[in-house]
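The values are calculated or read from the model by the stated rules, or taken from the named source; none is laboratory data. It should be emphasised that the depicted structure is a prediction, and the values quoted were computed from it without experimental measurement. Glycine gets a Cβ as well: all are built from the backbone with ideal geometry, and neighbour counts include every protein chain shown. When the accessible area is computed, the model is the full protein with side chains, heavy atoms only, and any ligands, DNA or RNA have been set aside. Shrake-Rupley method; radii C 1.70, N 1.55, O 1.52, S 1.80 Å.
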Amino acid sequence: MDDIAGLLHEYLLVAKSVEESEKELAREELKTTFESLQNLMLDEDIWKLFLDEQYDIADIKSRLNVKDDQERCQIFKFGMSCLITFTQANFTGPHPCEKVVNFLKQDMFKKQDFHKMLSYNNEEINCKTEFPQLLATAKIIFEWCIVNSIINIWWYWRALYLHQQILDELSPSLLSDADRLYKLLMSNFKIKATGRSFFEATKAALDIEIAQLYLLFRLVGKANGHIESAKKLMDLNYEYVGILGKRTRHQEKEIPQLALKVSLNETEAQKSGSSDENPHPMSCQCDGECEFEQKKQQTNTIDTFLTTDDAVLPKNLPLNDDVRLDHVALSKNVNENLVLSNISQKLMLTIVQQMLISKPADELQHEEILPFVESILAQKNTFCVRVVSLLLRCRAESKNRRTVERALRQCEEVLSAFRKDQPEAFDRFHDVFGSGLPAMWKVTIEYADLLLNIGLPKNALDLYLKLQLWEEVIVCYTLMNQRHKAAEVIAQQLEKKPTVKLLCLLGDATDDITCYEKAWELSKRRSHRAQRHWGNHLYAKKNYADCIPHFEKSVSINPLQANVWFRLGFAAHQTENWQVAATAYKRYTTLEPDGFEAWNNLAQAYLKIGNKRSAHQALSEALKCNYENWKVWENFLIVSSDISMYFDVIRAYHRMLDLKEKYINIHVLGELVCDVVDNSIDCEGLPAARFLQKTRELLGRVVSIHPGEGIMWDLYAKVAPTAALKAQRFQRAFKAYTRNVDWHKDPKQCNQVLYVCFELSEIALMPEIDASNTLLNSTKMILTCVFSALQSQAYAENKEAVDRLAITFDVLIRKMTNKDASK
């Protein structure tokens, strides 16, 4: 295998290890290489190879196969140049120079429909995408012009990331490509003849880029493995801590605030270099012993050489609020002297983006994310890291009236930074894939959304029209009471070029169902969008039975539509089609794991089809999303009881008492006590008696809240550790049952009282209970009282019990008489 370190350096994936004093010279060398690479994109001879074959993959592949190694390397670098220029034009700015723009607008590129070439599942790329020929060409090169398996896979992974970013909808085809690439990467990622520190730096950078693409597809589970791997490799640890601090200017007393404590364990990082253990999911496979660099040298990724000059980066604007401080003023700096490398900052950004997907969008999420963002902004940032950090804060602050103004100003500052000449393209490109930088037009969309949020629909409308976001245009015109204008604008666009998307939006604007039919036919019956809009139209009219087939067709074409799965589940729920509802909600929760309502509805669907274990799991996930909802806790309690999950029964009942202090569920407690006392087998195949002490504690809490409930004392007595304590609790039960003077007039209450009498008598007649024990006298008095009360009643259902109790009473009297005789 080739020297992978040299190849990764040659193809701009890592930098050489240099001494600190040589870093500036190394940066200049990298910049020169980068700039010469950019100019390679203007090579007409290489363009001719693709244009002459009209982008036919089979023909291009044949021509690439006959090229020698040097020619393939040149073509591959041409592909890198295309991707760099595409990224500059659509993601990072500044706009390419006039020479490049004029070249890419030549007539020779107009013969191919590159927008269609990059479209998937009848979904076109965003109309604001510039120079799509660059991405289309780069993808073909990275896939078929083989120079090295790792180099090809890594650059193709980046191309997939950009491709998904420019699509308005998630593409199952791109996800399938990503999964295929990942399997190849797993089998090919090998480091030979190089040091382990090189492996760690390289793999951490790759882990972050892998996680970013999977987060685009909202696949949190797959992304988490690589986030954790990168954390281990970099020895990055963090924890939330409580620190006294102030939030407002006039606050006198400090109160506890949530802060993030970040630590980098360098000693452990060095130790791990000599370990033979490799973190999942990819491993270092070295030939012989790993060679370590000199202490004065360090393994560098490209981002080590990117500028962090604040003068050329977007400014972190102050809040300028009369009440609230710019950030929480903590009494102690928990991250004093902390210096985070650029790759550590990108990892933290990836963690934040993972949290945004996996956690409920509530105030707690906001409080958990801001310490991450503030910690990153407190460091020296590169362009992409600064932009993404500021945008994350903008999104968080857009929901608060005191901070929304800064969010608007900050968004303007970021948009302005894209257009500036500094920092240079070299300082912007390399962080795109590890930071989650959105396309420039997506930032403009966020800015328009902010304008709409603060009550400026006319200003937002101008931007939406410019971006051709017709759905948002309809919203703005509706808010301005001019919905008819939305239909006029869309109709004008349809005259220019009929598309599935425009026909669907015209249907939304006019409520004309024939528009959806035309869109479906125009797509040759392959558009998930047409079926989705058609189903949404029927769903809005509450025609749930009719909308289900349309939603099912839509998700069969594109299963990555979370909102469609949810609506399909709800429609099936309303029509009591429980199997379809369960399937739909299950698929929704894989895409949106923080959906509290979906988990709860999924549990209900499982219960309806008799799958209680799955319902229990679904409710458990729902509680992670909403811990304070007592209705979900009650459902969780009942289902846990049904499947004999005693630990969760006890936990859920305690939580119900926290949320609703007077809560009582006799059925659940009765089953719990019976199973624990009888030592039944629980759902794990273990004896229930191990929960005896926990059951006692729960019932002790319940009777303290409900001291007048006889049934509670009854259950509490059954788990008593001693006979004496058991008798005391049955006596309390008797007192509670008979506190109503007319208890004997109710047959049900009579049965309860008779049961307590039998239990007390049984205890009193136990051999270990001495005849002189006061329990005998108290039991005698209770039985006498009961006989006296029941003399006036003649319930047929109680007669047999009363007769047996009379016999027991005689036995009790004889035991007491024997005591007197013995005296």
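Annotations for the structure displayed:
- Across Lys253/Lys315; Lys116/Lys497; Lys631/Lys735, pairs whose alpha-carbon gap is larger than 23 Å: Lys253/Lys315; Lys631/Lys735
- Using a simple spin-label model with pseudo-atoms 7 Å out from Cα toward Cβ, His706 and Asp546 lie 4.9 nm apart.
- For Lys458, a cut-off of 20 angstrom between C-alpha atoms picks up these aspartates and glutamates, skipping any fewer than 8 places away in its own chain: Glu405, Glu412, Glu446, Asp449, Glu471, Glu472, Glu488.
- Degrees separating the helix 404-419 axis from the principal Cα axis of the chain, which is the longest one: 30
- Diffusion coefficient, µm² s⁻¹, Stokes-Einstein with Kirkwood Rh over alpha-carbon pairs of segment 397-534 at 20 °C and 1.002 mPa s: 125
- For the chain, the mean residue ellipticity at 222 nm estimated from helices alone is -20500 deg cm²/dmol, where every DSSP H run of n ≥ 4 contributes -39500 (n - 2.57) and the total is divided by all residues, rounded to the nearest 500.
- Efficiency of FRET between Thr32 and Arg395 - r from beta-carbon atoms, R0 41 angstrom, step 0.05: 0.60
- Our note on the geometry: Cα centres of segment 590-625 and segment 680-735, 31 Å apart.
- Note on Ile513 and Met480: the model spin-label points, each 7 Å out from Cα along the C-beta direction, lie 3.2 nm apart.
- Accessible-area composition of the chain, carbon plus sulfur, in percent [1.4 Å probe]: 49
- With an a/c value of 1.5 or above and a/b not larger than b/c for the gyration tensor axes a ≥ b ≥ c computed over the alpha-carbon atoms, segment 566-638 is described as oblate.
- The three principal axes of the Cα atoms in segment 27-81 give end-to-end lengths of 40, 20, 14 Å, sorted in falling order.
- Scaled against the 2.2 N^0.38 Å expected of a compact globular protein of N residues, the Cα radius of gyration of segment 70-212 reads 1.12.
- The Kirkwood radius of segment 713-796, taken over pairs of alpha-carbon atoms, gives through the Stokes-Einstein law at 10 °C and 1.306 mPa s a diffusion coefficient of 120 µm² s⁻¹.
- Applying both filters, DSSP loop and at most 13 other Cβ atoms within 10 Å, to the trypsin sites (Lys or Arg not before Pro) of segment 667-751 gives Arg739.
- Heavy atoms of the protein chains alone define the surface here; on that basis the chain has 46 Å² accessible area per residue at 1.4 Å probe size.
- The largest-to-smallest principal axis extents of the Cα set in segment 715-762 are 34, 17, 15 Å.
- As an equivalent ellipsoid, segment 485-531 spans semi-axes of 17, 12, 7 angstrom, where each value is the square root of five times an eigenvalue of the C-alpha gyration tensor, largest first.
- Within the chain, longest stretch clear of exposed GluC sites (Glu not before Pro) (DSSP loop, no more than 11 other Cβ within 10 Å): 1-251
- Distribution of pairwise C-alpha distances over segment 683-740, 10 Å bins, in %: 25, 47, 21, 6, 1
- Across the cross-link table entries Lys222/Lys518; Lys77/Lys99; Lys23/Lys359; Lys67/Lys105; Lys99/Lys139; Lys718/Lys815, which are compared at the Cα atoms, the separations over 31 Å belong to Lys222/Lys518; Lys23/Lys359.
- Counting only aspartates and glutamates at least 8 places from Lys553 when in the same chain, those with an alpha carbon closer than 17 Å to its own are Glu123, Glu169, Glu517, Glu521.
- The Rg/Rh ratio for segment 354-404, using Cα coordinates for both the radius of gyration and the Kirkwood hydrodynamic radius, is 0.97.
- Each residue, Ile57 and Asn611, gets one label point 7 Å from its Cα in the Cβ direction; the gap between the two is 3.5 nm.
- Viscosity 1.002 mPa s, 20 °C: Kirkwood-radius Stokes-Einstein D of segment 584-699 over Cα pairs, µm²/s: 147
- Orientation-averaged projection of segment 680-823 equals 10.4 nm² [convex hull of Cα atoms, one quarter of hull surface area].
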